[in-house]
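Peer 1: Have a look at the structure that comes next, please.
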Amino acid sequence: MFRKIALAFSLLALALGISATAVRAQSTPEVKEKPAMYTYASIWTIPRAQWGEMAKSDAADTDTMAKALASGAIVAYGHDTALVHTVDGPTHDEFWSSMSMAGLLSLLDQFYKNGSAANPVLSSATKHYDEILVSRYYNWTPGSCKGCYTHGAFYKLKADAPNDGVETLSKNLFVPLFEKLLAAGAIKEYEIDTQAIHTSAPGSFAVFYITPNAEGLDKVDDAITDVVKNNPLISPAVGSILDSTGHRDELTRTDATYK
């Protein structure tokens, strides 16, 4: 088992060797963990007949979130609507991010106090759940975007994967790729998340990125294709530590603001 794990990461290091050399040649700083960023996501399955009312509810919450951003309590907020629907799956979500759990929950308290959490349209939901996520690998371009696209990819580590699997993948694969796309304007934001409050089995993580338009989705796909094509050992190395049965994707339309 340990030989298998060591081989997997040796392959990953070898596969990324060319890219790492190029990065050093360009004097790009080494990828390091950032301070923890926490995200609260409230996720809903709303009947289609109520989608218009849900849009009004989102608009009403935006003013409260904008004030929290201006005060420094949070660093980002937004709303998502699903584009690829699943049977009984989520249709809408609201999220905000903070550099502290206290800042995150202070906004939640405001929603409970101002009655937003008891909005009638939310009572029409057939399903609802919340998540508190934490990320140490993230970046964004400050400002707002309306009608953007968010791609979310959800993964699960194999049972025999090392504890630093997410860290290794982030430092050697995800962050270098997304930083290049961010600098080129193809994406507006990215983050690699794990659950801060575990409501599902440990070992799961998610990779999110926001593109300002649909063309950005193609640019990300092209960049991923190029990385895999130019480093053929990446796929088997990554596949050796990820459980493919735990993978799924989502695509949403997003209105978001980042400080």
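Peer 1: Based on what the data block shows, is Ala68 outside any loop (DSSP other than H, G, I, E, B), aliphatic (A, V, I, L, M), in contact (Cβ under 8 Å) with a residue 40 or more places away in the chain and touching a Leu at 6+ places or on another chain (Cβ under 7 Å)? Write out each step before concluding.
Peer 2: Numbers: outside any loop (DSSP other than H, G, I, E, B): yes; aliphatic (A, V, I, L, M): yes; in contact (Cβ under 8 Å) with a residue 40 or more places away in the chain: yes; touching a Leu at 6+ places or on another chain (Cβ under 7 Å): yes.
Yes; evaluated as a whole, the condition is true for this residue.
Peer 1: Here's something else I'd like to know. Just the residues that are in contact with a strand residue (DSSP E or B) (Cβ under 9 Å, 6 or more places away or on another chain) and at pLDDT below 95, please, taken from region 112-150.
Peer 2: If the condition is that a residue be in contact with a strand residue (DSSP E or B) (Cβ under 9 Å, 6 or more places away or on another chain) and at pLDDT below 95, then Ala117 is the only one that fits.
Peer 1: Still on this structure, I have one more. Within region 96-106, can one find any residue that is part of a loop (DSSP other than H, G, I, E, B) and touching a residue at least 12 places away in the same chain (Cβ under 8 Å)? Before the answer, list the steps.
Peer 2: Residues of region 96-106 that are part of a loop (DSSP other than H, G, I, E, B), as a first pass: 99-100.
Next, only the ones that are touching a residue at least 12 places away in the same chain (Cβ under 8 Å) stay: 99-100.
Yes - at least one qualifying residue is present in region 96-106.
Peer 1: Go through region 48-80 and count every residue that is closer than 20 Å to Cys148 by Cα, polar (S, T, N, Q) and in contact with a Phe, Trp or Tyr (Cβ under 8 Å, 6 or more places away or on another chain).
Peer 2: Going through region 48-80, the residues closer than 20 Å to Cys148 by Cα turn out to be 51-52, 54-63, 65-66, 69, 75-80.
Cutting the leftovers down to polar (S, T, N, Q) gives us 57, 62.
Now narrow it down to the ones that are in contact with a Phe, Trp or Tyr (Cβ under 8 Å, 6 or more places away or on another chain): 62.
Looking only at that region, the number is 1.
Peer 1: Scan region 74-94 for residues that are farther than 22 Å from Glu53 by Cβ and either surrounded by 16 or more Cβ atoms within 10 Å (Cβ to Cβ) or among the small types (Gly, Ala, Ser) (or both) and jot them down.
Peer 2: If the condition is that a residue be farther than 22 Å from Glu53 by Cβ and either surrounded by 16 or more Cβ atoms within 10 Å (Cβ to Cβ) or among the small types (Gly, Ala, Ser) (or both), then Ile74, Val75, Ala76 are the ones that fit.
Peer 1: Separate question: Among the residues of region 162-191, write down those that are over 14 Å from the mean Cα position of the chain (by Cα), hydrophobic (A, V, I, L, M, F, W, C) and buried (at least 16 other Cβ atoms within 10 Å of the Cβ). Break it down into steps so the answer makes sense when it comes.
Peer 2: Of the residues in region 162-191, the ones over 14 Å from the mean Cα position of the chain (by Cα) are 162-165, 167-169, 171-173, 176-177, 179-186.
Checking the rest, the ones that are also hydrophobic (A, V, I, L, M, F, W, C) come to 169, 173, 177, 181-184, 186.
Listed by number, the residues that qualify are Leu169, Leu173, Leu177, Leu181, Leu182, Ala186.
For (1) exposed (fewer than 12 other Cβ atoms within 10 Å of the Cβ); (2) of a type in the set (D, E, K, R); (3) at pLDDT 95 or above; (4) in contact with a Leu (Cβ under 6 Å, 6 or more places away or on another chain), each residue gets a yes or a no:
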site	(1), (2), (3), (4)
Ala153	no, no, yes, no
Asp160	no, yes, no, no
Asp193	no, yes, yes, yes
Thr199	yes, no, no, no
Leu217	no, no, yes, no
Thr245	yes, no, no, no
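Peer 1: Just to be sure, is Asp160 assigned to a loop (DSSP other than H, G, I, E, B) and either over 24 Å from Lys32 (Cα atoms) or in contact with a Cys (Cβ under 7 Å, 6 or more places away or on another chain) (or both)? Lay out the reasoning, then the answer.
Peer 2: Details: assigned to a loop (DSSP other than H, G, I, E, B): yes; either over 24 Å from Lys32 (Cα atoms) or in contact with a Cys (Cβ under 7 Å, 6 or more places away or on another chain) (or both): yes.
Answer is yes for this residue.
Peer 1: Could you tell me whether Thr141 is touching a Pro at 6+ places or on another chain (Cβ under 8 Å) and surrounded by fewer than 19 Cβ atoms within 10 Å (Cβ to Cβ)? Walk me through how you get there before you give the answer.
Peer 2: On the way: touching a Pro at 6+ places or on another chain (Cβ under 8 Å): no; surrounded by fewer than 19 Cβ atoms within 10 Å (Cβ to Cβ): yes.
Against the criterion (touching a Pro at 6+ places or on another chain (Cβ under 8 Å) and surrounded by fewer than 19 Cβ atoms within 10 Å (Cβ to Cβ)), Thr141 does not qualify.
Peer 1: Okay, moving on. Quick one: which residue in Ser106, Ser97 is buried (at least 19 other Cβ atoms within 10 Å of the Cβ), polar (S, T, N, Q) and under 21 Å from Gln195 (Cα atoms)? Give the derivation first.
Peer 2: On the way: Ser106 fails: buried (at least 19 other Cβ atoms within 10 Å of the Cβ).
When all the criteria are applied, what remains is Ser97.
The values are calculated or read from the model by the stated rules, or taken from the named source; none is laboratory data. Just so it is clear, the model here is predicted, and its values are computed rather than measured. Ideal geometry is used to build each Cβ from the backbone, glycine not excepted, and the neighbour counts take in all protein chains shown.
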